[in-house]
1. Determine the relative contact order of segment 41-198: mean sequence separation of Cα pairs under 8 Å and six or more apart, normalised by residue count, in whole percent.
2. Could you work out what % of the accessible surface of the chain is carbon and sulfur, using a 1.4 angstrom probe and leaving DNA, RNA and ligands out of the count?
3. Find out how many positive minus negative residues lie around Val216, taking Lys and Arg as positive, Asp and Glu as negative, among other residues whose Cβ is under 12 Å from that of Val216.
4. Given a 1.4 angstrom probe, what's the average accessible area per residue across the chain, in square angstrom?
5. Starting from the amide H of Gly246, placed 1.01 Å from N in the peptide plane, find each other amide H under 5 Å away whose residue is 5 or more places distant or on another chain.
6. Answer rounded, prolate or oblate for segment 79-181, using the Cα gyration tensor with square roots of eigenvalues a ≥ b ≥ c: rounded when a/c is under 1.5, else prolate when a/b is larger than b/c, else oblate.
7. No solvent, one uniform scatterer per C-alpha: report log10 I(q)/I(0) for the chain via the Debye equation at q = 0.10, 0.12, 0.13, 0.14 1/Å, two decimals.
8. State, as an integer percentage, the relative contact order of segment 15-127 based on alpha-carbon contacts under 8 Å between residues 6 or more apart.
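The values are calculated or read from the model by the stated rules, or taken from the named source; none is laboratory data. These numbers come from a predicted model, not from an experiment. When we count neighbours, we look across all protein chains shown, and the Cβ atoms used for this are built from the backbone with ideal geometry, even at glycine. Quick note on the areas: whole protein, heavy atoms, side chains included, nothing else; ligands and nucleic acids left out. Shrake-Rupley method; radii C 1.70, N 1.55, O 1.52, S 1.80 Å.
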Amino acid sequence: MRPHINIYSKENFSAMHRAGKLAAMTLDFITPKVKVGCNTAEIDHICEKYIRDNNAIPAPLNYRGFPKATCISVNHVVCHGIPDETKILREGDIANIDITVILDGWYGDASRMYWVGEKIPIVAQRITSITYEAMMGGIKVAKPGNTLGDIGAAIQSIAEKQRMQVVRDFCGHGIGRSFHEAPNILHYGKKGEGLPLKVGMIFTIEPMINSGKAEVKILPDGWTAVTRDRKLSAQFEHTIGIVDGGCEIFTTSPKGWHQPPYPNE
Ligand code: MF3
Ligand code: CO
Ligand code: CO
């Protein structure tokens, strides 16, 4: 059975712009608060309060048993890091914060990398900017007439040119009035292959890129995905919608804080 792929209207796009903007505003709001010595549970609580104060619901909470409002994935954690009081951010750490909100029934899903402190190892800086460029390279080819394979191929080639590896075990996803829907968006692939993109499709692009090997494993908590070789991993995520001639990004930072280093304030 071929899964059904939703095509969304102009009005639906407006609702997704509102949900996506709130996810992006949450990522902006938390930026000055990601500091040496804070723990990931306090960051989670600040995000949850901000989301609820804006009349939305944090989608991860209780999703398939996930216990927290956000995912915070530090260093060799690839994704789905569970915020925890004992997980304290240290000088030179890199962290992904992944926010999904439900606003008026619509889902906005976005994540960014954050640098902790001032002394970020060069390899950590490199993997961050390569992952951002890989996501944006995928977004650039997300347009009617191109295929899902074009998106995957663009991301994969940007990563592999820099000797980084694309994680295969997780993918982007259709999104709208549900968190995860068809189609799956692979972050690797071949030009011209796969589903042709059509006006009205809405999905995420969220590549996870490893500085060592692509392999991941899941910790006994059933959620936390880590690199098998314990080398660094990075991820960025946008929610986008296909329009005539290209795509609209729903989760652009209102502050222009697209990737680190973010301004100090
Ligand atoms: N926000 C993640 C995504 O980009 C999904 C998190 S699922 C959770 O698809 F349960 F871990 F929250
Ligand atoms: Co997502
Ligand atoms: Co996400």
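1. On the way: 287 pairs, mean separation 26.8, N = 158.
About 17 percent, as a whole number.
2. Values: 6180 of 12000 Å².
Whole-percent figure for carbon plus sulfur exposure: 51.
3. Working: positive: Arg168, Lys213, Lys217, Arg228, Arg230, Lys231; negative: Asp169, Glu215, Asp229.
Here the count lands on +3.
4. Working: 12000 Å² over 265 residues.
Each residue of the chain exposes 45 Å² on average to a 1.4 Å probe.
5. none
6. Working: a/c = 2.43, a/b = 1.17, b/c = 2.07.
In terms of gyration-tensor shape, oblate.
7. For the chain at q = 0.10, 0.12, 0.13, 0.14 Å⁻¹, log10 I(q)/I(0) is -0.45, -0.65, -0.78, -0.91.
8. Working: 224 pairs, mean separation 35.4, N = 113.
Rounded, it is 31 percent for segment 15-127.
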